[in-house]
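J.: Quick one: this structure, given as structure tokens, is what I'll be asking you about.
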Amino acid sequence: MRQLGMVLFALAVFGGAAWGWWPRGHGVLTHAAVQALPPDMPSFFRDGAGMVAHVAVDPDVAKNRGTLHLERAGHPIHYFNMELFEARDLPASRYAFARRCAELDKKPEQVGLLPYATAEYTEQLALAFAEYRKWPKNVYIQTKCLIYAGYVAHFAQEICQPLNLTIHWNGRVVDGKPSRTRMHEKIDGLLQNLDLKPEAIVAGLTAAPVDSLMAGIVAQMHARFKEVDHALSMAQYLVPKDVDWKHEPAVRAFAEAQAKHATRFTVSLYLTAWKMSEKIKLPGWIDRREMDQGQ
Ligand SMILES: [Zn+2]
């Protein structure tokens, strides 16, 4: 979700009956992703869908004016405006990225930091998996794997919402002016409003780890960016008040395709983290068995 404040405002003004735009969408996608994991993934992880899906909403919960530093720091990690930065050669760190933005006379928060948040949390999960491999019975380690996996889910799924990747994020911008279609929240809400089920999303879905983490993330962003026009074209059904879009096959087909992309990419990053964890060398000063007495 890109503009939670805006959605809350919309709910307040237009009397939305219940909380649940993207947050429940993330939940459905994350349940689907954990269900789609292959049987050779650890069983604690395959059994942990509830916890992972719970945490998958937290990056949006963090957009709270009562926690100003977190809100300000976190806002740009939910998007990346592909039109503003040639993303084929993303620098390895946020700091190098900020310097490159300065050279281009742009601000990092104008472009967005979504690929960095995605890569960083995937690596955090890879580290937790590496600890799990060494201390497989430690419940604390298992719990943190599920928590980091929730963050990975959120950002993997943000990459797969095409309107998180474009300056036309809330409807097409013409002559410097955004349209008033409020398309972002309409697309964000599709999975919830169409009541997609994890079982339907998972059917026939296969996923593989990426060879190189950031290159895989950038490739996924390019693939999903190609669907910006398709997403914006949904305005013909979602904007007019007299269209029964919930029964429009084109809208359902679009939503189901996005849900599959998002689930597949979430699984792909879980498998990537698991594969990375095989080669990660933990420092000698960590001894979880001694530190976590009783685990
Ligand atoms: Zn978000």
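The values are calculated or read from the model by the stated rules, or taken from the named source; none is laboratory data. Here the structure is a predicted model, which is why all the values come from computation and not from measurement. We place every Cβ from the backbone using ideal geometry, glycine too, and count neighbours over all the protein chains shown.
J.: If you take the residues of region 5-27 that are in a helix (DSSP H, G or I), surrounded by fewer than 22 Cβ atoms within 10 Å (Cβ to Cβ) and within 15 Å of the ligand (Cβ to nearest atom), which of them is modelled with the lowest pLDDT?
T.: L8
J.: Suppose the filter is more than 16 Å from the ligand (Cβ to nearest atom), over 22 Å from G216 (Cβ atoms), basic (K, R) and crowded, with 16+ Cβ neighbours inside 10 Å; does R180 pass it?
T.: Spelling it out, it is not the case that R180 is more than 16 Å from the ligand (Cβ to nearest atom), over 22 Å from G216 (Cβ atoms), basic (K, R) and crowded, with 16+ Cβ neighbours inside 10 Å.
J.: Same structure, new question: Which ones in region 213-255 are among the acidic types (D, E) and in contact (Cβ under 8 Å) with a residue 24 or more places away in the chain?
T.: E227
J.: Quick check on my filter: what residues within region 95-135 are more than 15 Å from the chain's Cα centre (by Cα), within 20 Å of L165 (Cα to Cα) and among the aromatic types (F, W, Y)?
T.: F97
J.: Out of the residues in region 30-65 that are within 12 Å of the ligand (Cβ to nearest atom) and outside any loop (DSSP other than H, G, I, E, B), state the one that is surrounded by the fewest Cβ atoms within 10 Å (Cβ to Cβ).
T.: Result: V61.
J.: Looking only at residues that are within 16 Å of the ligand (Cβ to nearest atom) and touching a residue at least 60 places away in the same chain (Cβ under 8 Å) in region 66-107, which one is surrounded by the fewest Cβ atoms within 10 Å (Cβ to Cβ)?
T.: N81
J.: Hey, among F155, F129, which residue is within 14 Å of the ligand (Cβ to nearest atom), in contact with a helix residue (DSSP H, G or I) (Cβ under 9 Å, 6 or more places away or on another chain) and either in a helix (DSSP H, G or I) or closer than 30 Å to Q236 by Cα (or both)?
T.: F155
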